[in-house]
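For reference, the structure discussed in these notes is given below.
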Amino acid sequence: MPATYAHDTGGEVIEWLPAPPYRRWRDVGVLGYDREGLPRDNFRGRWAPRNGTFTDSTVRTGLRLEEQASRLTTEVPIGPAPAGYSKSWLPKAIAKRDSARWVYEPASVRRDLTAYAAEDRRWVIEEARDAGRYRKIRRPIVIFDSKRPHLAQSRAASTAARRSTSGSLARASVSGC
């Protein structure tokens, strides 16, 4: 069955979700607003701005969920940029069927990604460090030089191997920690 069909129903075709219903779903279901656009008091979602940016980026770039979730921080466009779209490379190691390709991120999503990287993500990393969560990762990918992010080091208990992140190295990102 094509991906446009739900696999567990009678085969109803989903052609397109127009922007207004998508934004309503994102605002109510992900960001915690009510139907009038006001914050709900009973919303218990955590990191709503991050999750909203994730869904916007997924919808606006056309990346598959797993592709979007597997990108390293060095593969996501952040920082100041001109209006329009930012181009970044999706490596074959995370692209479905090894289909490495360019990804075009809208300026509005790039602004949200930049805000998250500068504020919330820094706080999350500090909290995880303080709690010792990174020490529990058996083979972390550590990026030593953000200007040369294709070089990473996977540290095992007895050996350390330097590999390209576009190769077959597992993609558990702890870059930035």
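Taken over segment 121-142, residues that are in a helix (DSSP H, G or I) and either touching a Lys or Arg at 6+ places or on another chain (Cβ under 8 Å) or not β-branched (Val, Ile, Thr) (or both) amount to 12.
Every condition in (1) in contact with a Pro (Cβ under 9 Å, 6 or more places away or on another chain); (2) buried (at least 18 other Cβ atoms within 10 Å of the Cβ); (3) of a type outside the set (A, V, I, L, M); (4) free of Cβ contacts under 8 Å to residues at least 40 places away in the same chain is met by PRO77 except one, and the failing one is (1). Take ARG50 and tell me if it is touching a residue at least 60 places away in the same chain (Cβ under 8 Å) and touching a helix residue (DSSP H, G or I) at 6+ places or on another chain (Cβ under 6 Å). For ARG50, the condition - touching a residue at least 60 places away in the same chain (Cβ under 8 Å) and touching a helix residue (DSSP H, G or I) at 6+ places or on another chain (Cβ under 6 Å) - is met. Looking only at residues of segment 88-120 that are surrounded by 11 or more Cβ atoms within 10 Å (Cβ to Cβ) and part of a strand (DSSP E or B), we find that the one that is farthest from the chain's Cα centre (by Cα) is ARG101.
Here is a yes/no grid of residues against (1) out of contact with any Phe, Trp or Tyr (no Cβ under 7 Å at 6 or more places or on another chain); (2) of a type in the set (Asp, Glu); (3) within 19 Å of ARG46 (Cβ to Cβ):
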residue	(1), (2), (3)
ASP98	yes, yes, no
ARG121	yes, no, yes
ILE125	yes, no, yes
TYR134	yes, no, no
ILE137	yes, no, no
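Bear in mind that the values in this text are calculations on the coordinates, not laboratory data. Model, not experiment: these values are computed from the prediction. Virtual Cβ from ideal backbone geometry, glycine too; neighbours counted across all protein chains shown.
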